[in-house]
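Some notes on the structure that comes next.
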Amino acid sequence: MRTLFTYIMVFPQRSAFVLVALLIAGIAEGLSLTALLPLISIAVGDSGSNDSGIGKFMEKALQDIGINPTLDTILIIIVGGMFFKGFVLLLANRQVGYTVAHVATALRLDLIEALLASRWQYYLRQPVGSLANSIASEAYRAANGFEHSVNVLSLMVQVLVYAVVALFISWEATLASLIIGSFLLFVLNSLVSATRRAGTKQTHLLRDLLAYLSDVLSSVKSLKAMARDNVADAILREQTQQLEKATRREVMNREALNALQEPILAALTASGLYLALVVWELSLPEVMLMVFLLTRILGLLNKTQRRHQQLAAQESAYWALRKAAEGARAAAERATGTLQPTLQQGVTLHHVRFNYDRKVIFRDLNIEIPVNTFTAVMGPSGTGKSTLLDLLCGLTEPQSGEVRIDGVPLHDINLRQWRHMIGYVSQDTILLHDTILNNILVGEPTLTADDAERALRQAGAWDFVSVLPDGMLTIVGERGGLLSGGQRQRIAIARALAHSPSFLILDEPTSALDPESERTICETLQNLAKDLTIIAVSHQPAVINAADRVFMLSNGEAEALSQEVQV
């Protein structure tokens with residue numbers, strides 16, 4: 001029930017609309033049902049039943065509003081009430097459908113927004129496959145959970161309406177039926193709890209499976225080349241079989257609930273009929289209506305429990321999404337800086353100290369990067385080359401010391417505005433399975449095809465792009481696989497240049513290129529340095545020799561190298 005009330009609190013307006021609509025529909029159905037008793041009395045010729053509370057009440061109510069309670073009048077009231085109920089339910093169910101789509105969208109956007117606003121180190125610890133599962137599968141299951149919760153409310157409203165009508169006829173029979181129905185729900189609740197556990201297990205297994213699957217698919221080429229793809233297949237097979245077992249348990253519990261409810265409902269209906277006729281000695285019209293009402297009440301209680309069981313199977317997805325979003329929000333980036341950034345003098349790292357847990361990366365790092373220069377940083381693996389770039393982007397912060405932009409501490413600068421001034425090319429050149437144009441613009445609404453062409457020319461890529469059959473509309477394939485390594489790298493540089501940055505940051509820009517492609521990239525960087533400030537992390541001699549300034553990282557510090565000692 002916690003999930004049910006949570007849905008109502010998170011989406012109050014939509015839930016309130018549905019509840020009001022369901023209440024109106026229930027009242028309409030209740031009024032039409034109360035007309036059944038005088039209708040049955042007329043049909044069986046039992047006028048004495050009109051002396052009963054509900055029959056007398058209905059007859060007087062109709063006469064008070066100027067309606068003669070004849071057979072045709074009562075039939076019209078019943079049919080009209082049912083039509084009105086159907087119309088109101090149509091509005092309510094339409095709203096439910098709209099809300100289900102809205103819930104899925106809201107949950108997805110909430111998680112995406114929280115993830116993108118989180119600290120870089122937090123984001124690195126999140127499995128990509130698990131995030132994809134949350135945004136796709138879990139959001140859909142959570143939205144279905146809202147639909148089931150609304151249906152639970154709808155059925156409870158209908159139970160309430162039928163119970164109120166039944167109380168007017170025989171409060172003893174109604175109370176007994178409600179007690180028996182509640183006991184039935186309690187007895188079968190173990191199946192609902194088992195379904196909840198199976199649903200939670202499915203959520204965890206789906207996350208693990210898709211996280212591992214994403215990693216396997218990204219490295220399937222090397223696994224196949226070493227004939228080790230069978231190992232990955234075995235692990236995926238085992239995880240899939242565990243997921244199948246959890247699904248089987250959910251199906252078994254659901255079908256067991258359905259199978260047990262039907263015979264129990266039949267036994268309770270027969271018992272109620274016997275009690276009404278023999279023990280309470282109700283009239284035949286009252287007995288017929290009571291049997292109908294109590295059967296409906298018990299049936300609705302059973303449906304409520306089945307819907308609650310479906311909600312229990314889906315609710316773990318909602319709570320998993322909530323937990324993921326809350327975790328990401330708790331790891332949100334700081335937003336303390338307010339100053340407008342400029343880049344007219346240069347960027348400096350002043351006495352920076354940084355460590356990951358107990359591992360010291362920088363002890364006393366001092367680097368100066370003047371504007372319109374090409375600076376290269378080299379050093380053995382693990383000396384913090386990529387961490388240096390993260391510090392310059394504000395993706396991480398030093399434990400002590402400062403990163404200064406034109407002498408202003410980065411901590412005091414509006415971080416988002418500073419990043420708008422940066423063009424970044426990562427070590428792993430990953431392109432979207434899309435056109436060259438879309439890979440450069442990446443959905444930025446302020447950029448145009450002219451910006452893309454300018455960036456391609458700056459990156460030295462326009463010569464090969466312009467001769468392609470579809471030009472900038474050429475599809476690059478999965479991860480850019482239809483292009484060569486050098487072409488992919490120049491497209492990545494063009495992407496970084498499209499928004500006209502002032503500071504270009506490159507992480508191992510030529511590590512996977514052949515000598516000719518490497519020479520072309522280095523010439524491109526030298527030309528760009530005339531108008532841009534560039535820093536590149538690399539261990540490649542061509543990049544080091546092309547740079548204006550070179551720093552060697554070692555023992556947590558940076559040593560400036562002269563041109564004579566460059567590789």
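The values are calculated or read from the model by the stated rules, or taken from the named source; none is laboratory data. Owing to the predicted nature of the structure, the values given are computational and were not obtained by experimental measurement. Here Cβ is always computed from backbone atoms with ideal geometry, including for glycine, and neighbour counts include all displayed protein chains.
Would you list the helices (runs of 4 or more DSSP H) that sit entirely within region 469-567 and hold 2 or more residues that are loosely packed, with under 15 Cβ neighbours inside 10 Å and not basic (Lys, Arg)? Full working, then the answer.
Details: elements: 485-497, 515-528, 541-546.
Filter on region 469-567 gives 515-528, 541-546.
Select from region 79-94 the residues that are farther than 13 Å from SER154 by Cβ and surrounded by 17 or more Cβ atoms within 10 Å (Cβ to Cβ) and write down the one among them that is modelled with the highest pLDDT.
Once the filter is applied, the top-ranked residue is PHE84.
Taking region 93-110 as the search range and keeping residues that are in contact (Cβ under 8 Å) with a residue 60 or more places away in the chain and among the β-branched types (Val, Ile, Thr), which one is farthest from TRP319 (Cα to Cα)?
Checking each candidate, the answer is VAL96.
(1) in contact with a helix residue (DSSP H, G or I) (Cβ under 8 Å, 6 or more places away or on another chain); (2) farther than 30 Å from SER134 by Cα; (3) among the acidic types (Asp, Glu); (4) in contact (Cβ under 8 Å) with a residue 60 or more places away in the chain: which one isn't true of GLU333, the others all being true?
All conditions are met except number (2).
Out of region 460-499, which residues are of a type in the set (S, T, N, Q) and either within 21 Å of GLU518 (Cβ to Cβ) or under 31 Å from the mean Cα position of the chain (by Cα) (or both)? Explain how you work it out, then say what you get.
Quick first cut of region 460-499, residues of a type in the set (S, T, N, Q) only: 466, 474, 484, 487, 489.
Within region 460-499, SER484, GLN487, GLN489 qualify.
Please specify each residue of region 416-438 satisfying the condition of being among the aliphatic types (A, V, I, L, M), over 13 Å from ALA494 (Cβ atoms) and over 27 Å from the mean Cα position of the chain (by Cα).
Applying the first criterion (among the aliphatic types (A, V, I, L, M)) to region 416-438 yields 421-422, 425, 430-432, 436-437.
Then drop every residue that is not over 13 Å from ALA494 (Cβ atoms), which leaves 421-422, 430, 432.
Correct list: MET421, ILE422.
May I ask you to say which residue of LEU431, LEU392 is at pLDDT below 85 and buried (at least 17 other Cβ atoms within 10 Å of the Cβ)? Can you show your working first?
Details: LEU392 fails: at pLDDT below 85.
So the residue among LEU431, LEU392 that is at pLDDT below 85 and buried (at least 17 other Cβ atoms within 10 Å of the Cβ) is LEU431.
Being under 24 Å from ILE535 (Cβ atoms) and among the acidic types (Asp, Glu) is the filter here, so list the residues in region 419-449 that pass it.
ASP428, GLU444
Among GLY423, GLY407, which is the only one that is modelled with pLDDT of 85 or more, among the small types (Gly, Ala, Ser), more than 17 Å from MET552 (Cα to Cα) and surrounded by 14 or more Cβ atoms within 10 Å (Cβ to Cβ)? Break it down stepwise before answering.
On the way: GLY407 fails: surrounded by 14 or more Cβ atoms within 10 Å (Cβ to Cβ).
Checking each option against the conditions leaves just GLY423.
Looking at ALA117, ALA106, ALA136, which one is among the small types (Gly, Ala, Ser) and in contact with a strand residue (DSSP E or B) (Cβ under 6 Å, 6 or more places away or on another chain)? Break it down stepwise before answering.
Values: ALA106 fails: in contact with a strand residue (DSSP E or B) (Cβ under 6 Å, 6 or more places away or on another chain); ALA136 fails: in contact with a strand residue (DSSP E or B) (Cβ under 6 Å, 6 or more places away or on another chain).
Sole residue among the options that is among the small types (Gly, Ala, Ser) and in contact with a strand residue (DSSP E or B) (Cβ under 6 Å, 6 or more places away or on another chain): ALA117.
Starting from residues that are at pLDDT 80 or above and surrounded by 13 or more Cβ atoms within 10 Å (Cβ to Cβ), keep the ones in region 95-108 and report whichever is nearest to the chain's Cα centre (by Cα).
By that ranking, first place goes to ARG108.
Starting from residues that are over 20 Å from VAL347 (Cα atoms) and of a type in the set (Asp, Glu), keep the ones in region 509-538 and report whichever is modelled with the lowest pLDDT.
Of everything passing the filter in region 509-538, ASP514 is modelled with the lowest pLDDT.
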